[in-house]
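Structure first, then comments.
The values are calculated or read from the model by the stated rules, or taken from the named source; none is laboratory data. From a predicted model like this one, the values you see are computed outputs, not experimental measurements. When we count neighbours, we look across all protein chains shown, and the Cβ atoms used for this are built from the backbone with ideal geometry, even at glycine. These area figures cover heavy atoms from the full protein model, side chains too; ligands, DNA and RNA do not enter into them. Shrake-Rupley method; radii C 1.70, N 1.55, O 1.52, S 1.80 Å.
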Amino acid sequence: MSTLSPTAKIILGFLRYGPRSGYDIKQSVEISTRFFWGASFGQIYPELRRLEKASLVEVESEGGRGRKVYRLTTAGKRTVDDWLRDDSALFQYRDEGLLRLFFSDLTDPEAALDNVRRMREWREESVAFFRSQIEPIAQEDVEFGYRFTLRALEFGIAWLEAQAEWLERLEHELTAR
């Protein structure tokens, strides 16, 4: 499904759970996928219009202030199911801190150490946030039968904890010099 943008995949995925407005989709992104794949209002609304033109979504209802609630069409459901089974997707990870670390030989040691420290702190703070704010929501999802939202969260926490540990070791190495 290479013709789907990342934002389209997010929208279709959330609509597969049930009808939502663009605002509802953004709210769902904010407590879940934004930690590994975000989507802004400026991406969501134009993509909803494209998906509607492609007959993958349709307006279920319109409320006040032009608020539209969208649902997947049969073709949209097939598209999301095909995408979930597609084996052509590539892993993409973007981390500006890691990019800065890569080029840290071009700066002074104190700047490199500061970058490593901030990278570690961000990961530790994120883990604490996920455990206190996101994990309870993911536990509720399990009660509704959506167990893989919790699995994705567990993966993210484990990955961040491993990164924080590695960065801590690097931080100690850099301060020992």
Checklist line | Value at 222 nm in deg cm²/dmol, rounded to 500, when DSSP H runs of n ≥ 4 in the chain each add -39,500 (n - 2.57) | finding: -20500 deg cm²/dmol
Notebook entry, point to check: If you build a Gaussian network model of the chain, linking Cα atoms that sit under 10 Å apart, which residue out of 38, 76, 97 swings the most?
Noted result: 97
Note to self: Checking the a/c ratio against 1.5 first, then a/b against b/c, what shape does the Cα gyration tensor give for the chain?
What the structure shows: prolate
Next item on the list: Any chance you could look up the accessible area of residue 37 with a 1.4 Å probe, heavy atoms only, rounded to 10 Å²?
Entry: 90
Next item on the list: Give the residue from 42, 111, 145 lying farthest towards the positive end of the charge dipole for the range 20-154; charges sit on Cβ (+1 for Lys and Arg, -1 for Asp and Glu) and the dipole is referred to the Cα centre.
Entry: 42
Next item on the list: Taking the Cα centre of the chain as origin, sum charge times position over the Cβ atoms of Lys and Arg (+1) and Asp and Glu (-1), and report the length of that vector in debye to the nearest 20.
Entry: 940
Notebook entry, point to check: Is the shape of the range 104-168 rounded, prolate or oblate, going by the alpha carbon gyration tensor and its root eigenvalues a ≥ b ≥ c, with a/c under 1.5 for rounded and a/b larger than b/c for prolate?
Noted result: prolate
Notebook entry, point to check: So what does residue 45 come to for accessible area, using a 1.4 Å probe and Å² rounded to 10?
Noted result: 80
Item checked: Cα centroid separation - the range 3-66 against the range 116-177, whole Å -> 26
Notebook entry, point to check: Sorted by accessible area with a 1.4 angstrom probe, largest first, how do 107, 74, 33 fall?
Noted result: 74, 107, 33
Notebook entry, point to check: Taking only Cα atoms, what is the 0 to 90° angle, nearest 10, from helix 74-85's long axis to the longest principal axis of the chain?
Noted result: 30
Next item on the list: Just the number, please: carbon plus sulfur as a percent of the accessible area of the chain, 1.4 Å probe, no ligands or DNA/RNA counted.
Entry: 53
Next item on the list: Determine the per residue accessible area of the chain with all protein chains present and a 1.4 angstrom probe, expressed in square angstrom.
Entry: 67
Next item on the list: Please give the helix 41-53 orientation as an angle from the longest Cα principal axis of the chain, in degrees from 0 to 90, rounded to the nearest 10.
Entry: 40
